[in-house]
Amino acid sequence: QVQLVESGGGLVQAGGSLRLSCAASGRTFSMYAMGWFRQAPGKEREFVAAITRNTGNTYYADSVKGRFTISRDNAKKTVYLQMNILKPEDTAVYYCTADDRYTNVITGRPAYWGQGTQVTVSS
């Protein structure tokens, strides 16, 4: 079992930046691939970014590539999502996810989800 708690969401103007954090507790953090998903009002939940357990390889949705960066600190049991050049269409609830299989994260089937943090980008 792993528990995930997101923080760092808020209101920002278009072109601005935010950094989301996700603190994990429970079993060894380094055992899990981590990811971020988001869900905008009236839309389906979509994949944003993922990072592998140990090598730190990353994968991004085309919509955020070049603007968002996922990273992790295994010693702090925390994964981050640095979001730059934010756009109004980035407005959504952002969810942190974890799974011991990287493929489950990038295909939208992670075992563990956080409660989400709201990101609102004004135009």
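The values are calculated or read from the model by the stated rules, or taken from the named source; none is laboratory data. The structure displayed is predicted, hence computed values, not measured ones. Virtual Cβ from ideal backbone geometry, glycine too; neighbours counted across all protein chains shown. The accessibility values were calculated without ligands, DNA or RNA, using every heavy atom of the protein model including side chains. Shrake-Rupley method; radii C 1.70, N 1.55, O 1.52, S 1.80 Å.
Observations on the model:
- Enumeration of residues in segment 21-41 that are of a type in the set (S, T, N, Q) and surrounded by 14 or more Cβ atoms within 10 Å (Cβ to Cβ): Ser21, Gln39
- Test for Ala61: is it more than 14 Å from Tyr95 (Cα to Cα) and in contact with a Pro (Cβ under 7 Å, 6 or more places away or on another chain): no
- Contact map, segment 83-98: first residue farther than 13 Å from Val121 by Cα, second residue open to solvent by 40 Å² or more (accessible area, probe 1.4 Å) and of a type in the set (Lys, Arg), Cβ cut-off under 8 Å, separation 6 or more or different chains; pairs are Tyr95/Arg45.
- Residue in segment 68-116 that is least open to solvent (accessible area, probe 1.4 Å), counting only those that are more than 14 Å from the chain's Cα centre (by Cα) and within 16 Å of Gly10 (Cα to Cα): Leu86
- Hits in segment 29-87 (condition: closer than 19 Å to Asn104 by Cβ, assigned to a loop (DSSP other than H, G, I, E, B), at pLDDT 95 or above and of a type in the set (D, E, K, R)): Glu44, Arg45
- Matching residues, segment 1-20, being part of a strand (DSSP E or B) and surrounded by fewer than 17 Cβ atoms within 10 Å (Cβ to Cβ): Gln3, Val5, Ser7, Gly10, Leu11, Gln13, Arg19
- Within segment 65-105, being within 25 Å of Gly42 (Cβ to Cβ) and polar (S, T, N, Q) holds for Thr91, Thr97.
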